[in-house]
1. Within 10 Å of each residue's Cβ, count the other Cβ atoms and sort R307, R44, R64, R88 from fewest upward.
2. Skipping prolines and chain starts, which residues have an amide H placed within reach, meaning under 5 Å, of the one on T105, given they are 5 or more residues away or on another chain?
3. Check F196: other-chain or 5+ apart residues with amide H under 5 Å from its amide H, H built from backbone geometry?
4. Enter the angle in degrees (range 0 to 90, nearest 10) between the Cα long axis of helix 203-214 and the first principal axis of the Cα atoms of the chain, meaning the one along which they spread out most.
5. Using only Cα atoms, find the angle between the long axis of helix 236-253 and the longest principal axis of the chain, and express it within 0 to 90 degrees, rounded to the nearest 10.
6. Which of these, S77, S160, S270, has the largest mean-square fluctuation under a Gaussian network model of the chain (Cα springs below 10 Å)?
7. I'd like the distance separating the alpha-carbon centroids of segment 9-43 and segment 207-230, in whole Å.
8. Apply the Karplus curve 6.51 cos²θ - 1.76 cosθ + 1.60, θ = phi - 60°, to the phi angles in segment 26-31 and return the couplings in whole Hz, x for Gly and Pro.
Amino acid sequence: MPRELTLSVLPSLLVEPLLVGEVEVRGVELRASHAKNMDDNARRMTRLEFDVGETSLATYLRGRDQGVRAIALPVFSSNRRLPHGTYRLSRSAGIGDLSQLRGRTIAATQYWTASSVWQREFLLSEYGLRPEDTSWITFQPERMEGLDVPSILDHRLDESGRSANELAAAGLIHLTLTPGAAAWRSEQPGENQPAFGLAFPDVAAAEREYYRRTGLYPTHHVMVMREELTAEEPGLVEAVGSAFLRAKEVAQAREERVSSPAPKAGETTSEMAELFGDAWPYGITPNRRTLEAFLDTAHQQGLTGRRYSVDEIFAPGLPGALQ
């Protein structure tokens, strides 16, 4: 009898062949399910409710820091994006660009999402803006007990029920960090202007310049598995990793294309393919520079108690194409 393995991932083109059984994991009966959303899946993976699951890179690192017995696979099947389209400036704040945020207030869904970590890294590296140079408002509790916003910061959890637009109109928010890739192409000037406007009017041009200059292509999610499985069945890491690689091959052979401004669920637009080559690179080697940057900033921002190395956060026994 093959062993049973539970899997929970966000639906995307790159994992769909696994979810529908078109690609199998060698020697395993896979019980695959669609994750409800990343917040729910990340919380559940900190409790190791699945054998393999997609989670936030930030939540995974914090979990390891607190002794959660999970280990990552370098599989990044959804939610990769450059940051520029996620910065929205309040139209009533009188701010021309991100360099003018010192002393202002930034709003985010949660402080410790991977997206927020990357967005703060960008503000620091590009504008010299440290988290303590601004005030912070968040709208949801953090995903893990004891995961607090650093005490050095001016921060409050807004539980008023007011929207970001209402808070901006009241002068309480000057920048919002949108949790997903912004639908920036659909924004047209008109009589009913939204409360927030893009910090980068030409998002695509800003993203191309940044990527070519830095080589950073932020990933927000990562696949993890229960660490005890790597000891119980040493070949399981190779089998699971190979299955994800095969699923990606099957999906990309269909040449799926959509017109989103940036990859988010396995899609690849022509402009992203031109910029990246492979817009969805798996494996440690092609992602090392990006991962090093995230591990640096995660420690500097106080998410982890020490600076982890890239290699120690990934499971041993990976197939060659994931190393």
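Rule-based calculations on the coordinates, nothing more; no lab input. From a predicted model like this one, the values you see are computed outputs, not experimental measurements. Here Cβ is always computed from backbone atoms with ideal geometry, including for glycine, and neighbour counts include all displayed protein chains.
1. Values: R307 11, R44 16, R64 19, R88 23.
With the sparsest Cβ surroundings first, the list reads R307, R44, R64, R88.
2. S135, H174, L175
3. Counting only residues 5 or more places away or on other chains, the set is R91.
4. 60
5. 60
6. In the Gaussian network model the winner is S160.
7. Spelled out, the Cα-based centre of one part sits 19 Å from the other.
8. With coefficients 6.51, -1.76 and 1.60, one gets 4, x, 10, 9, 8, 10 Hz.
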